[in-house]
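Some notes on the structure that comes next.
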Amino acid sequence: MGIVLKQSIQNVVVTYAGFLFGAVNTLFLYTKILPDEYYGLVTFILASGAILMPVMAFGVHNTLVKFYSGYSDQDKDSFLSLMLLVPLLGIIPIALIGMVWYDALGDWVSQVNSMVKDYLWYVFFVGLAMAYFEVFYAWCKVHMKSVFGNFMKEVFARIGVSILLLLFYFDIISLDAFFKCLIGLYLLRTIIIQLYAFRLRFPKISFKFPTATRELLSYSFLIILGGSAALILLEIDKVMLNQFISIENVAYYGVSVYIATVIIVPSRSMHQITYPLTAELLNAGDIDGLGKLYQKSSLTLFIASGILFVLIILNLGDLYQMLPENYRNGFTIVFLIGLAKVIDSMLGNINSILYNSQYYKTVLIFGVCLAGLTIVLNLILIPKFGLEGAAFASFISIFIFNIVKLVFVKMKFGISPFTAATFKVLATLLLLSALFSFFDFSFHPILNIALKSALIVIMFLGILYRFNLSEDVSGILAKWLKKIPRSE
């Protein structure tokens, strides 16, 4: 088994483990242990830090991956030295702004929720930790050692959060100590990945600029724009809610969004495999092969995300029975954000196509424009519709962005992700939704979810196999079923 495939499989396992621990924290530990307003504060701090991350990393995590292999061993030390220092171009200005205008910024973000002002520096340190974590994670990737970094990113922090919540529950630490330890956890994660990265290749600090330094900085700046736009699309709603409504609502919104976010787990896993394949096809100029991969990845991810969406929506009532009452009113949010994630998945490896092509600068501009649209929509819709307004803003922005990308790829490459099978899968999902929408068991919610999910999945897989809607899925099922013949 090749190293790329082996690590891809390991990364899939790690990603799913991370989401499992995240689900336990988000749905059960946070909601039952932390007061609602402080859970909302945690959500605000982490979302704000994530938005700051691309600026504080200064695009280095992408630049390192793109350019590292192009340097000789002799020049790599000066390149890596520069990559360690470049993030300071983002970190130092933000730190200075924080020190000089702390009170003004604090007053602005705490207009509705006064408690936020006392925790503003926490946002800075989370962003700093996330930024350098991504730099050292990229350091590991270029040395073909991504699994440990993925574990640290997806699992380590979530296990740490579980421990901190339990320590707080048993009165071993105070609420203030919980927040300080939470920030310390993210900083510790960065230190650990740094030590691991330096073990792979310890940098010999060089103050000599590497060749093409101007190109490196130019690319990094573009990546800042792209990374910031992407994270604004994902996280800005949680940050802007703080400006209009009480902060405990940020917690309620965050739980609903997390439930919907489970839908993208297959997509995140598959992109570990499709990204290098897409780059290879583009470099070879194989548009036919690119089109086939585009369609296959689209169909496979639509099948996976579509059934997850159906399972989540149809089981949401039972899931809510296991959550505190304040967290049970997020159906519209889960539906809109979940549908946006399904649409994302339907476009398969489109992001890999765009960011590996000569048109990546144009796509970054699209992203920046749509990030601006997202902010405007949130400003308009949150005051009018509250939490649902934030969900509508995210859905509209993501939908428009995907339409733009879909049309752009069709115009530039002449390929589309959709086939007849796409619409057959859609019809199947709609049929199952209608069939099971009024079908409920009267047992414990966990048993209800398990039984209904089993019936839906068995019927769905049976239809896929019987009508051979996906060669990949049918091939896997045929192996499981010992290649039982099916009628054509």
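The values are calculated or read from the model by the stated rules, or taken from the named source; none is laboratory data. Not measured: the values here are computed from a predicted model. Because the Cβ atoms are built from the backbone with ideal geometry, glycine has one as well, and the counts that use them run over all protein chains shown. What goes into the accessible areas is simple: the full protein's heavy atoms, side chains included, and nothing from ligands, DNA or RNA. Shrake-Rupley method; radii C 1.70, N 1.55, O 1.52, S 1.80 Å.
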**Message:** Run the helix sum for the chain: -39,500 (n - 2.57) per DSSP H stretch of 4+ residues, divided by residue count, reported at 222 nm to the nearest 500 deg cm²/dmol.
**Reply:** -26000 deg cm²/dmol
**Prompt:** Under 20 Å from the Cα of LYS76, which aspartates and glutamates turn up, not counting those fewer than eight places away in the same chain?
**Reply:** GLU134, GLU215
**Item:** Accessible area, probe 1.4 Å, largest first, for residues GLU134, GLU37, GLU215
**Value:** GLU215, GLU37, GLU134
**Message:** Using a 1.4 Å probe on the protein heavy atoms, what percent of the accessible area of the chain belongs to carbon and sulfur?
**Reply:** 68 percent
**Prompt:** Taking Cα centroids, how far is the range 331-368 from the range 131-164 in Å?
**Reply:** 24 Å
**Request:** Please calculate how many Å² of accessible area the chain carries per residue, with a 1.4 Å probe and no DNA, RNA or ligand atoms counted.
**Result:** 46 Å²
**Complete:** Among GLY285, PHE178, MET240, the residue whose Cα sits farthest towards the positive end of the charge dipole of the chain, when +1 is placed on the Cβ of each Lys and Arg and -1 on the Cβ of each Asp and Glu, is GLY285
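Run the numbers for ALA284 and LYS204: contour at 0.36 nm per residue of separation, minus the present Cα-Cα distance, in nm.
Computed gain between ALA284 and LYS204 is 25.2 nm.
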**Complete:** Looks like the chain, by Cα gyration tensor root eigenvalues a ≥ b ≥ c and the a/c under 1.5 rounded cutoff (else prolate when a/b is bigger than b/c, oblate otherwise), is oblate
**Request:** Have a look at VAL473, VAL55, THR213 and report the one farthest towards the positive end of the charge dipole of the chain, computed about the Cα centre with Cβ charges (Lys/Arg +1, Asp/Glu -1).
**Result:** VAL473
**Message:** Using Cα-Cα distances under 8 Å and only pairs 6 or more residues apart, what relative contact order does the range 354-420 have, in percent?
**Reply:** 27 percent
**Prompt:** Taking the alpha-carbon centroid of each part, what is the distance from the range 287-330 to the range 391-431 in angstrom?
**Reply:** 15 Å
**Asked** Which value, in debye to the nearest 20, describes the size of the charge dipole of the chain about its Cα centre when Lys and Arg Cβ atoms bear +1, Asp and Glu Cβ atoms bear -1, and nothing else is charged?
**Response** 1400 debye
**Request:** Towards the positive end of the charge dipole of the chain, with charges on Cβ (+1 Lys, Arg; -1 Asp, Glu), say which of ALA229, TYR16, GLY372 has the farthest Cα.
**Result:** TYR16
**Asked** About its Cα centre, how strong a charge dipole does the range 367-488 have in debye, to the nearest 20, once Lys and Arg get +1 and Asp and Glu get -1 at the Cβ?
**Response** 360 debye
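Sorting check: for 293-304, 109-120, 53-64, which peptide has the highest mean count of neighbouring beta carbons within 10 Å, and how do the rest follow? All intermediate terms of the calculation are to be shown ahead of the outcome.
On the way: 293-304: 22.8, 109-120: 16.3, 53-64: 25.4.
By packing density, highest mean first, the sequence is 53-64, 293-304, 109-120.
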